[in-house]
Amino acid sequence: MNNLHPLGKLLTCVLYIFLVASIDKYDIIPLILMSVYLVFAFLIGELSLKEGLYRMRLILPLVLFVGIFNPFFDKDIVLYVGNIGISGGVMSMITLFIKGLYSVLSAYILIATTSIDDICYALRVVKVPKIIVIVIMLIYRYFDVMALEAHRIMTAYSLRAPSQKGIHYKAWGALVGQWLLRSMDRAEMVYESMLLRGFNGEFSFKKKALKLQDFIYPIAWACIFVIIKLRIIM
Amino acid sequence: MKTGIHGEILKIENLSFAYEKDEPVLQDINLHATDGESIGIIGANGIGKSTLMKLLVGLNTNYSGKLVVAGHEVTPKNLNHIREHVGYVFQDSDSQLFLSTVEDDIAFGPRNYGLSEEEVQKRVDDAISFLHIEHLRKKSTYKMSGGEKKLASIATILAMEPDIIIMDEPSIALDPRNRRNLINILNKIKSLKIITSHDLDFVMDTCERTILIDDGRIIADGATDVILKDEKLLTTHSLELPLSLSRM
């Protein structure tokens, strides 16, 4: 899966998220069937679901809570499981959660099997404006720089305050200030390194040739998604 | 990229620079260097070594005097040309490497200069093979040791085939084996090398010419084995004899 053209993977991911999000809020069967893409990608891409969920741990709580109030507003029974009536609010809460989870996992599949450079290359192929692609790449670069600096500062702090849990609130201001200043210095050096190697405002991507499987992959998935979404065989 | 210039490739005349008015960092610097030379720039902390290196690649252009690199004066207009011919290896390799894999990072420079994909690939292969880092080709730049990062940083510069290679404290944070490896590699590179370092033994092993800077001025410029053996000169300017000589 890593060897597939990034354009096919990007288009498949975008189409998947779009179709999953557009499934009716009470229609849970096609939503369950849509999991076939995730199962396939995790198996073929040799990805770990546990690792995927761990990496998405900051986003998943938001996904979980996005529909949490629905049961209070929509109390009409829309489905019976045995004798138990399930309200529209509960159904929409569950479908919202599944939709969010699927979207997050499909994005994870894309980034786990495609480098940021390849994703940005695919974005340029589909004519996403240059400025947006550059901003995405620079955010990605500088995010690492900031994360590394935050880690260094926290390590230095914890080594000199071993009995404290976390960072004392009185030190927050100074540490955040230091963090930003150091990150800016590091970011400037990264930028200088780019300038010194000919960076002129546009990343030059390695062009990738399209093979037969690069066409088959997105087309096959598009057909499967549409069949499930439109319930053509159900 | 090679200019094809032989002979004098760097000319600095009466160069002065200040970050803030009335606080000069460099004063009246005069220096000429030719193709293939290996020059060590030594001096205590904060005397302007790194500033001088940054002026050479046009990271600061508001200097006074004359600064000609690879046949072109360092002015905002000429920066593209100059940077094509000068490779700068940062002290901190984490700032030098910013793409996902070593291979991508090495290809970044040649690709930006519009070389064909075949030529880019050849440059990457040559740089990797010269430094014997085939095992790092696909490795993430964040998951390497200090020595590996330093070699990868040098590869990113070698792939541009520069006429001048500038290295800021290259031996810092390297263990003895990586340090020895780096010395052997530098001695094989034929371009003009300018190396700033506090590691005087490293300068002794890699540079035939040494320039001592103090208080923003060139104090001495001559053969490495003459300057680095002059204990009085070194101690006067906050340096010490190289360890290899002080043991004798």
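Output the relative contact order of chain B, whole-number percent, from Cα pairs under 8 angstrom with separation of 6+ residues.
Values: 468 pairs, mean separation 63.4, N = 248.
Rounded, it is 26 percent for chain B.
Which of B:Lys138/B:Lys188; A:Lys208/A:Lys229; B:Lys66/B:Lys190; A:Lys211/B:Lys122; A:Lys50/A:Lys211; A:Lys130/B:Lys21 have a Cα-Cα distance over 28 Å?
Violating the 28 Å Cα-Cα cut-off are A:Lys208/A:Lys229; A:Lys50/A:Lys211; A:Lys130/B:Lys21.
Tell me, what is the percent relative contact order of chain A, built from C-alpha pairs under 8 Å that lie six or more residues apart?
On the way: 190 pairs, mean separation 69.6, N = 234.
With pairs under 8 Å counted, the relative contact order is 30 percent.
Compute the long axis of helix A:130-160 from its Cα atoms, compare it with the longest principal axis of the Cα atoms of chain A, and write down the angle in degrees, 0 to 90, nearest 10.
Between helix and principal axis, roughly 70 degrees.
Along the Cα-to-Cβ line of A:Val78, 7 Å from the Cα, sits a label point; which residues in the stretch A:85-105 have backbone N less than 13 Å from it?
Zone members listed by number: A:86-99.
Place a point 7 Å from the Cα of B:Ser246 along the Cα-to-Cβ direction; which residues of the stretch B:39-56 have their backbone N under 16 Å from it?
B:43-45
Relative to the first principal axis of the alpha-carbon coordinates of chain A, what is the inclination of helix A:116-125, with its axis defined by its Cα atoms, in degrees from 0 to 90 and to the nearest 10?
On a 0 to 90 degree scale, this one is about 70.
Could you work out the local net charge near A:Val190, counting Lys and Arg as +1, Asp and Glu as -1, over the other residues with Cβ closer than 13 Å to its Cβ?
Numbers: positive: A:Arg141, A:Arg182, A:Arg186, A:Arg197; negative: A:Asp144, A:Glu149, A:Asp185, A:Glu188, A:Glu192, B:Asp92, B:Asp94, B:Asp105.
So the surrounding residues net to -4.
Just want the ordering: A:Leu212, B:Leu239, from fewest to most Cβ atoms lying within 10 Å of their own Cβ.
Values: A:Leu212 7, B:Leu239 19.
Going from least to most buried by this count: A:Leu212, B:Leu239.
What whole-number volume per residue, in cubic angstrom, does the convex hull of the C-alpha atoms of the stretch B:1-130 give?
Working: hull volume 17.9 nm³, N = 130.
Normalising the Cα hull of the stretch B:1-130 by residue number yields 137 Å³.
For chain A, report the % of Cα-Cα distances exceeding 21 Å.
69
Radius of gyration and Dmax for the stretch B:76-136's Cα atoms, expressed in Å?
In Å, with Rg to one decimal and Dmax whole: 12.6, 40.
Need the list of lysines near B:Lys232 for cross-linking: C-alpha distance under 30 angstrom, and skip anything on the same chain fewer than eight residues off.
Excluding near neighbours in sequence, the set is B:Lys11, B:Lys49, B:Lys54, B:Lys193.
Fewest first, what order do A:Ser87, B:Ser246 take by the number of other Cβ atoms within 10 Å?
Numbers: A:Ser87 18, B:Ser246 11.
Fewest-to-most Cβ neighbours within 10 Å comes out as B:Ser246, A:Ser87.
Taking the number of other C-beta atoms within 10 Å as the exposure measure, put A:Asp24, B:Asp92 in order starting with the fewest. It would help to have the intermediate numbers written out before the result.
Numbers: A:Asp24 12, B:Asp92 17.
Fewest-to-most ranking of A:Asp24, B:Asp92: A:Asp24, B:Asp92.
Where Rh denotes the Kirkwood radius from the mean inverse Cα pair distance, what is Rg over Rh for the protein assembly as shown? Intermediate results must be reported in sequence, preceding the final value.
Numbers: Rg = 28.6 Å, Rh = 26.3 Å.
For the protein assembly as shown, the value is 1.09.
In degrees between 0 and 90, to the nearest 10, how far off the longest principal axis of chain A does helix A:88-113 point, with axes built from Cα atoms?
Once rounded, one gets 50 degrees.
With no solvent and one point per C-alpha, what does the Debye sum give as log10 I(q)/I(0) for the stretch B:8-246 at q = 0.08 Å⁻¹?
-0.30
Looking only at the protein assembly as shown, where both bridge partners belong to it, what percent of the DSSP beta bridges are antiparallel (to the nearest 5)? Provide the component values of the computation, followed by the final result.
On the way: 26 of 43 bridges.
Close to 60 percent.
I'd like to know which of A:Leu195, A:Leu159, A:Trp172 lies farthest towards the positive end of the charge dipole of the stretch A:158-211, counting +1 on Cβ of Lys and Arg and -1 on Cβ of Asp and Glu.
Value: A:Leu159.
Normalising by the residue count of the stretch A:124-195, find the relative contact order in percent from Cα pairs under 8 Å and 6+ residues apart. Write down the numbers at each step before the final one.
Numbers: 20 pairs, mean separation 25.2, N = 72.
About 35 percent, as a whole number.
Please work out how much length the chain gains when fully extended from A:Arg160 to A:Tyr54, using 0.36 nm per residue of separation minus the C-alpha to C-alpha distance, in nm with one decimal.
Numbers: separation 106, 0.36 × 106 = 38.16 nm, distance 2.96 nm.
Once the chain is fully extended between A:Arg160 and A:Tyr54, it gains 35.2 nm.
With both partners inside the stretch B:8-246, how many of the DSSP beta bridges are antiparallel, as a percent to the nearest 5?
Values: 22 of 39 bridges.
Beta bridges within the stretch B:8-246, antiparallel portion: roughly 55 percent.
Every number here is computed from the coordinates shown, using simple stated rules; none is lab data. Note that the structure is predicted; figures quoted are calculated from it, not measured. Note that each Cβ is placed from the backbone with ideal geometry, even for glycine, and that neighbours are counted across all protein chains shown.
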